[in-house]
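Down below is the structure, laid out as structure tokens.
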Amino acid sequence: MEKHNMILAAEEQFAREVTLGRIVNRSIAVWSYLIPGMFIIDYLRRGSAIRLYTKHFMFPRKLALNMARSMSGVEEKKIETLQISKDISTGLQSLKLNSANMQKAMEKMVHLLADHYLKLIKSEGNDYCQLIWNTYQNRRGFQSHLDLLMDAGKEVDRAILEKLGDTEKVREKLSVERQQIEMRLQNLADEIF
């Protein structure tokens, strides 16, 4: 399997796991299971939520992965950076999350991910875990990357709160998502190292 596809598949699986973790933590009214057919509606809602979250989660990751694939020289990186900025702006506008702080936070996230993916693409390995092991060699190196990634994610969360309003509902959703992401990243580190 091509490394690009291997990384893409691993990130999509990660997004689905985070979504399922968020959904499982959400309480469901008991009465919804007493009504015939309600479990089917709940199943369809969950499937829709997984697809939507995966699409949003993968937005910066797909940009970063494409950027990493095309990076070969300084000139190309400058051109690619301009295109990435435009793509982020377009994507944020479609999500109604466009703001200067969101743009800046998302660009930071994409560049951080692109550097990580470029290292993985240059590394040897037959699966995603081997690529990470061969890239970082030890848990400390990988943890350093995860810390930067989590900090960038928190910046994105702050920009979302600023754009959507710092309400209890938005804060709670972001908090549950952040907890799921951090837990799954630590599980990945435990699995590899």
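Values in this text are rule-based calculations from the coordinates and carry no lab data. As the structure is a computational prediction, the values presented were derived from the model and not from experiment. Cβ placement follows ideal geometry from the backbone for every residue including glycine, while neighbour counts extend to all protein chains displayed.
Rank the residues LYS169, LYS163 as a footprinting-exposure proxy: fewest other Cβ atoms within 10 Å of their Cβ go first. Present the calculation step by step, with values, prior to reporting the outcome.
On the way: LYS169 9, LYS163 16.
Ascending Cβ contact count within 10 Å gives the list LYS169, LYS163.
Tabulate in residue order the Karplus-calculated ³J(HN,Hα) for the range 185-193, using 6.51 cos²θ - 1.76 cosθ + 1.60 with θ = phi - 60°, rounded to whole Hz; enter x for Gly and Pro.
5, 5, 4, 4, 4, 4, 5, 7, 10
Taking θ = phi - 60°, what integer Hz values does the Karplus form 6.51 cos²θ - 1.76 cosθ + 1.60 yield along the range 7-14, in sequence order, with x for Gly and Pro?
Going residue by residue, I get 5, 4, 4, 5, 5, 5, 5, 4 Hz, with x marking Gly and Pro.
Between ASN5 and ASN134, what is the label-to-label distance in nm when each label sits 7 Å out along the Cα-to-Cβ direction?
Here the answer is 1.7 nm between the modelled labels.
If neighbour count is taken as other Cβ atoms inside 10 Å, put ILE88, ILE192 in order from fewest to most. Spell out each step's value before the answer.
Working: ILE88 22, ILE192 15.
Ascending Cβ contact count within 10 Å gives the list ILE192, ILE88.
Lysines near LYS108 by alpha-carbon distance under 21 Å, same-chain residues fewer than 8 away left out - which ones?
Straight-line reach from LYS108, under 21 Å: LYS55, LYS62, LYS77, LYS78, LYS86, LYS96, LYS119, LYS154, LYS163.
Name the shape class, rounded, prolate or oblate, that the alpha-carbon gyration tensor gives for the range 90-130, where a ≥ b ≥ c are the square roots of its eigenvalues, rounded holds for a/c under 1.5, and otherwise prolate holds if a/b is larger than b/c and oblate otherwise. Before the final figure, lay out each step's value.
On the way: a/c = 4.74, a/b = 2.84, b/c = 1.67.
Prolate, because a/c is 1.5 or more and a/b exceeds b/c.
What spacing in nm lies between the two simple spin-label points modelled at ARG178 and LEU20, each 7 Å away from Cα in the Cβ direction?
According to this spin-label approximation, the distance is 2.5 nm.
So between GLN103 and THR90, what do we pick up on full extension, going 0.36 nm a residue minus the alpha carbon distance? Numbers along the way, then the final one.
Values: separation 13, 0.36 × 13 = 4.68 nm, distance 1.01 nm.
Going from the current span to full extension adds 3.7 nm.
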